[in-house]
Amino acid sequence: MALQQISSFAAGQWVAPGAGARTIASAITGAPIASAGNDALDVLAMLDHARNTGGPALRKLGFHDRARMIKALGQALNARKAELYAASFDTGATQSDHLIDIDGGIGTMFVFASKGRREMPDGQIYLDGEVEQLSRNGTFLGQHVCTPLQGVAVHINAFNFPVWGMLEKLAPTLLAGVPSIVKPATNSCYVTELAVRIMLEADILPAGALQLVSGGLGDMLDHLDCQDVVSFTGSADTALKLRSNPVILQNAVRFVAEQDSLNASILGPDAESGTPEFDLFIKEVAREMTTKAGQKCTAIRRIIAPQPRVEAVIEALSARLSKTVIGDPRDEATRMGALVSGGQKADVLAKAAIIGQEAEQVFTMDPGLSGDLANGAFVPPMLFHCADPDRAQRVHDTEAFGPVSTVMGYRDMDHAVTLANRGGGSLVTSLITHDADVARDVVMGAGAFHGRIYINNRDSMKESTGHGSPLPHMVHGGPGRAGGGEEMGGVRGVKHYMQRTAVQGSPEMLARIGGKWVPGATEVAGPAHPFTRRYNELSIGETLHTASRTVTMDDIEHFAHFTGDTFYAHMDDAAAKRNPFFPGRVAHGYLLLSFAAGLFVEPNEGPVLANTGLDGLRFMKPVSAGDSIKVRLTVKKKTRRTDEYGEVRWHVTLTNQDDEMVAEYELLTMNAY
Ligand code: NAP
């Protein structure tokens, strides 16, 4: 059968395999199925296309435009995911594995699209944190801002997640406004190539925003500079080789590494046999060992259990693992498919043999495969027991990237934490316990060594997302052995592709740069009451100054009895005076807010659709009967929400008859276009 030709997409053209192409075999049968790679790929033209065509086009758009694009890409992939499933079986993955890789990847796009629109501005500059007061009178301020890097992101991915691995990097990169060149691992690049084709055929991205290298990267990394990022997922050995490239070091090219990791799962001391936690632990460990045939960077490699329960854990795990149906991943009855290649099978068996020098193998099984499958890259689950984990070393540093895990006993929680940390830095450690004190101790003792700590028990198990699932909302990455990198984590992940700059200047400068009014910046008097103006008519800085209103003792009495808020500071002059904050009876803060609304509101039906909240409320000075208050209302920020309305954030200050600030807050309204 003719081999499928897996192309690259370089500088706007599909380039077929050429000299130097590698043959890719089916994980299921070992038979050659495809060819990928071309030594003549013009990497300089690719870099140029990304930097000079893709980047400028992406940067012209705002965060919300790019978020909409990411959503559309996710929808395009979703509509054709059956094709991706069909292509993926040859990597050895089962249908449930596809759900993690393909559906998980598409879901990640949707989360970033939604976070981009909800948590990032409808503009081109991201404001990182609040304004910093740098001067006594507020005429000189500081604001951190993030702007897109002006180079290219080179994404180098591992073989195990050909779709998710690409999309979890692509979504934050595009949202940042940076073009990418994706280089999947050759062994499974035919699935990635199809996903790229689907995205390009949907014609959503500007030219140069997405390119693909199927096969080797050539000398691309030798041409990167300070505006580029390499985001790598793969083995520690390859990461070390690539990050020590002299050009990368010399030009301080950002290098994000997600590499292998000796993840652990700890069974809490409270989780006796027969508790829901014990059963949950066994279920999660078995699932982590067999999903993707153990080829998950987050899979549990070390099972840390209280010493007296080690035997029960081995027994229960072995019973569960023995039910694993190994076979053709296309077969619905199959629970565990094959490793990606014969090379990986040899590697896993070699690593298991190393672990076997320090640990006794306590479970394995005969996969019982024949015919074509006999040549596939199948391995059975392998469980080891290490009796002396303190003296052992290889069980803590050997990653067998397959269904291989080692049980070890602990004496007390300090010992459990020490063992978990022996991995030298990992992506995830889980803890199955119902004891919050144990959980707190583990977070304190192990947090510094692990990028994620997953705690599960009877209360959360029905809805928990699984030890092994990195989520787009949460940080993925870990220190030391895990690469020292960080990905995703919501908007944090987008910032990896942006430069944070400390901008200092006057309030007016900061307001104009950030598209957000800052106290001290120009106030604009609008042509009419701002509540009569539609979303797109309102300008940043547009301000209303109201008339003033005197607060009387009758008002305070009335409000107290009407609402039931007869707190002593409003009702009892002597008691209020004994309080260090009040000169005597004072008006309720909520009364002042209500009077403020009464002062600034425009009562007629108009473009203000709803008051949706209030942020950052502070009462600064008490108001007594006889004092008067007035309000200043300024348009601080506008955010489009739908085609019909957008959110207006108003900066509101209440001042008294002496112009002293009484209260300050931000009011949110939804306004029609
Ligand atoms: P790998 O051999 O290190 O390869 C990773 C990627 O690097 C592949 O795309 C590979 O391309 C590329 N590569 C290798 N040498 C290169 C070079 N000289 N220049 C440019 N690119 C080069 O890892 P793998 O076998 O694909 O993946 C398994 C490993 O990845 C495991 O150790 C696992 O723990 C780790 N992993 C980590 C995470 C995480 O998020 N931390 C996720 C998944 C996997 P070729 O395929 O073309 O060689």
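Once the mean 1/r over all distinct Cα pairs of the range 533-673 is inverted, what Kirkwood radius in angstroms do you read off? Please report the intermediate quantities before stating the final value.
Values: mean 1/r = 0.0617 Å⁻¹.
Taking every pair of different Cα atoms in the range 533-673, averaging 1/r and inverting gives 16.2 Å.
For q values of 0.07, 0.11, 0.12, 0.16 Å⁻¹, compute log₁₀ I(q)/I(0) with the Debye formula on a Cα-only model of the range 264-482, without solvent.
-0.20, -0.49, -0.59, -1.07
In whole Hz, with x marking every Gly and Pro, tabulate ³J(HN,Hα) for the range 645-652 from phi via Karplus 6.51 cos²θ - 1.76 cosθ + 1.60, θ = phi - 60°.
Whole-Hz 3J(HN,Hα) from phi for the range 645-652: 8, x, 8, 10, 9, 9, 8, 10.
Work out the charge dipole of the chain with +1 on the Cβ of Lys and Arg and -1 on the Cβ of Asp and Glu about the Cα centre, then indicate which of PRO389, VAL43, HIS588 is farthest towards its positive end.
Toward the positive end, the furthest listed residue is VAL43.
Specify which residue in the list ALA57, ALA436, THR669 is farthest towards the positive end of the charge dipole of the chain, using unit charges on the beta carbon of Lys, Arg (+1) and Asp, Glu (-1), about the Cα centre.
ALA57
Highest mean first, how do 77-89, 133-145 rank when packing is the count of other Cβ atoms within 10 Å averaged over residues? Spell out each step's value before the answer.
Numbers: 77-89: 18.1, 133-145: 14.5.
Packing order, densest peptide first, comes out as 77-89, 133-145.
Give the cross-link partners of LYS71 among the aspartates and glutamates, using a straight C-alpha distance below 14 Å as the criterion and excluding same-chain residues fewer than 8 apart.
By straight Cα distance, LYS71 reaches ASP103, GLU168, ASP203.
Of all DSSP beta bridges located in the chain, what percent are antiparallel, nearest 5? Intermediate values should be presented prior to the final figure.
Working: 61 of 106 bridges.
Taking every DSSP beta bridge within the chain, about 60 percent pair in antiparallel fashion.
For the chain, find the longest principal axis of its Cα atoms and tell me its angle to the long axis of helix 164-176, 0 to 90°, nearest 10.
Relative to the chain, helix 164-176 is tipped by roughly 30 degrees.
Among GLY294, PRO622, LEU174, whose Cα projects farthest towards the positive end of the dipole of the chain, with charges put on the beta-carbon of Lys, Arg (+1) and Asp, Glu (-1)?
The residue sitting farthest along the positive end of the dipole is LEU174.
Does anyone have the angle between helix 342-356 and the longest principal axis of the chain? Alpha-carbon axes, 0 to 90°, nearest 10?
It works out to around 90 degrees.
Can you grab the distance from the C-alpha centre of the range 452-486 to the C-alpha centre of the range 323-357, Å, no decimals?
Measuring centre to centre over Cα atoms gives 24 Å.
Taking Rh as the Kirkwood radius, which is the inverse of the mean 1/r over Cα pairs, what is the Rg/Rh value for the range 509-607? Present the calculation step by step, with values, prior to reporting the outcome.
Numbers: Rg = 18.7 Å, Rh = 16.6 Å.
A ratio of 1.13.
How big is the C-alpha Rg of the range 313-405 next to the rule-of-thumb value 2.2 N^0.38 Å, as a ratio? Walk me through the numbers before you get to the answer.
Values: Rg = 13.9 Å, N = 93, 2.2 N^0.38 = 12.3 Å.
Compactness ratio reported: 1.13.
For the chain, what is the mean residue ellipticity at 222 nm derived from helices alone (per DSSP H run of n ≥ 4: -39500 (n - 2.57); sum divided by total residues; nearest 500 deg cm²/dmol)? Present the calculation step by step, with values, prior to reporting the outcome.
Numbers: 22 runs with 209 residues, N = 673.
One gets -9000 deg cm²/dmol as the mean residue ellipticity at 222 nm.
On a C-alpha basis, how far is the centre of the range 374-390 from the centre of the range 173-230 in Å? Whole number, if you could?
A separation of 35 Å, based on Cα centres.
Subtract the Cα-Cα distance of ASP65 and ARG641 from 0.36 nm times their separation in residues, and report this length gain in nm to one decimal. Spell out each step's value before the answer.
Details: separation 576, 0.36 × 576 = 207.36 nm, distance 1.21 nm.
Stretched out fully, the ASP65 to ARG641 stretch lengthens by 206.1 nm.
Can you give the relative contact order of the chain as a percent, counting alpha carbon pairs under 8 Å and 6+ residues apart? Each step should come with its number before you reach the end.
Working: 1557 pairs, mean separation 85.8, N = 673.
Rounded, it is 13 percent for the chain.
Eigenvalues of the Cα gyration tensor times 5, then square-rooted: what semi-axes does that give for the chain, in whole angstrom, largest first?
Numbers: eigenvalues 585, 229, 89 Å².
Its equivalent ellipsoid spans semi-axes of 54, 34, 21 Å.
Against the longest alpha carbon principal axis of the chain, how many degrees, from 0 to 90 and to the nearest 10, is the axis of helix 310-321 turned?
For helix 310-321, the angle is close to 80 degrees.
If you place +1 on the Cβ of every Lys and Arg and -1 on the Cβ of every Asp and Glu, how big does the dipole about the Cα centre of the chain come out, in debye to the nearest 20? Please list the in-between numbers first.
Values: 62 positive and 76 negative charges, 201 e Å.
I would put it at about 960 debye.
Throughout, read-outs are computed from the coordinates displayed, never taken from laboratory work. These figures come from a predicted structure and were not determined experimentally. Reconstructed Cβ throughout: ideal geometry from the backbone, glycine too, with neighbour counts over all protein chains shown.
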